[in-house]
Amino acid sequence: MQTVDLVYFNYGGGHRAAAVALEQVIARQRRPWHVRRVDLVEVLDPNEQFRKLTGLAPEDLYNKRLAHGWTWGMKPELKLLQGLIRASHELICQRLSQHWLRSEPDLVVSLVPNFNRALCLSLQASLPGVPFVTVMTDIADLPPHFWIEPDAPQQRIVCGSERALAQAREAGVPDARLDLTTGMILRPEFHEARPMTRDRREAGLRALGLDPERPVGIVMFGGEGSSQMLRIARELDGHQLILMCGRNEALAHRLSQLRRGAPHAVVGYTSEVVALLQLGSWFCGKPGPGSLSEAVQAGLPVITFRNSRTMPQERYNTDWVREQGYGLVIGSIGQIGAAVDELLQRLPEFRRRVLGCDNRAVFEVVDILADQLLRSAAVAAPTRIGRERALRLS
């Protein structure tokens, strides 16, 4: 049985969610692989030195900033982080090499940015011939040294958009090491969900205290929620809303106490994301690649934001929304009321564009990984046969 390592970390929820989605599809397809999820932070900091010094895991600081909407200044911070990674390259490679030698994977799949040069080079130094695949969980790259590493010549890159594919080519990556999918990786339940019948939708909305005869907006800012949702709920006083707060219990409590002109439902962390999205008429949230892709997959036109708070790696996502005709991009929460009015007026137009999206990325990626394993097995076979023959002759 071949072993496939899926490398992720918990900065935001998208990297881990992609790893879980791939693992689920691989299991359902009964691929003859042993799949392991590898938390990169645990590999690089096995003794939790950062937590001992600060009292928090490094990803906790990032996720707390998301929850509070403190995302200004991310671009210089990203450059600082990339500089630290470059300066620590030898140490990072040493720790990764030790990990590869202990775990001996047959294929390594990176679902994280910034570390792909170290991941690729350390793997090739310690286990020559073991393939390395980077699956971008952003709609586009943020060069240099974010997802695409031209000086990691064994990196095979899976791109989720034509824009990402063009960026990889511009960086000098040959087509033989590039693959294009139809979008971002989504959990299989987004592809398996039954169409929402009118009766089911009406029952679901009534159970939440909402009127099925009026439009319903879904407001969601990822698994950590965001305090910005309070202001959105106030600005949209006359619109029915389902406010999905994720793990942010304090936010959920404040929203549940809010008095508004229209009813609203507050939802905490839930496994019923698909069913809740199907109850909506439109979506509002940050321009994260996962949340936007989930909304579009559920058939919802979107309203999202681009301003000084927008993280640099998510800026292109707003261009993608406009280019694909999936909804509206606004600069501030103060514009949300007018944006909802416009979206509702143009709802049939936006719905046609959204329903035209056919994202099968999670299945396409599994097929790409299967192809890579076949290729590496074919290359390894002559070497193995030669080694066995030499042993017999000796």
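General remarks:
- Neighbour-limited loop hits for trypsin sites (Lys or Arg not before Pro), region 197-272 (at most 14 other Cβ within 10 Å; DSSP other than H, G, I, E, B): Arg259
- Debye, to nearest 20: dipole size of the chain, +1 on Lys, Arg Cβ, -1 on Asp, Glu Cβ: 280
- Alpha-carbon centroids, region 8-22 and region 218-286: separation in whole Å: 22
- Going from the residue with the fewest nearby Cβ atoms within 10 Å to the one with the most, Lys286, Lys75 rank Lys75, Lys286.
- Exposure proxy order (Cβ contacts within 10 Å, fewest to most) of Trp147, Trp320: Trp320, Trp147
- Highest GNM mean-square fluctuation among Ala265, Ala17, Ala87, for the chain modelled with Cα contacts below 10 Å: Ala87.
- Filtered GluC sites (Glu not before Pro), region 222-275: DSSP coil and at most 14 other beta carbons within 10 Å: Glu272
- Contact order relative to length of the chain, as percent, for alpha carbon pairs under 8 angstrom and 6 or more apart: 16
- Prolate/oblate/rounded label for the chain (Cα gyration tensor, a/c 1.5): prolate
- Relative exposure of Ser291, Ser256, judged by other C-beta atoms within 10 Å (fewest first): Ser256, Ser291
- Counting only whole DSSP H helices of the chain, the ones at least 18 Å long by C-alpha along their axis and with mean Kyte-Doolittle hydropathy no lower than -1.0 are 14-28, 74-87, 89-103, 361-393.
- Pair-distance profile P(r), taking every C-alpha pair of region 189-355, with 5 angstrom steps and integer %: 1, 9, 19, 23, 24, 16, 6, 1, 0
- By the Kirkwood approach, averaging reciprocal distances over each pair of separate Cα atoms, region 228-269 gets a hydrodynamic radius of 10.1 Å.
- Other residues with beta-carbon under 15 Å from the beta-carbon of Arg31 carry, at +1 per Lys or Arg and -1 per Asp or Glu, a net charge of -3.
- Most to least packed among 105-114, 332-341 [average Cβ atoms within 10 Å]: 105-114, 332-341
Just so you know, all these numbers are worked out from the coordinates, no wet-lab data involved. This one's a predicted model, so the numbers in the text were calculated from it and none came from an experiment. Neighbour counts are summed over all protein chains in view; Cβ atoms, including those assigned to glycine, are modelled from backbone coordinates with ideal geometry.
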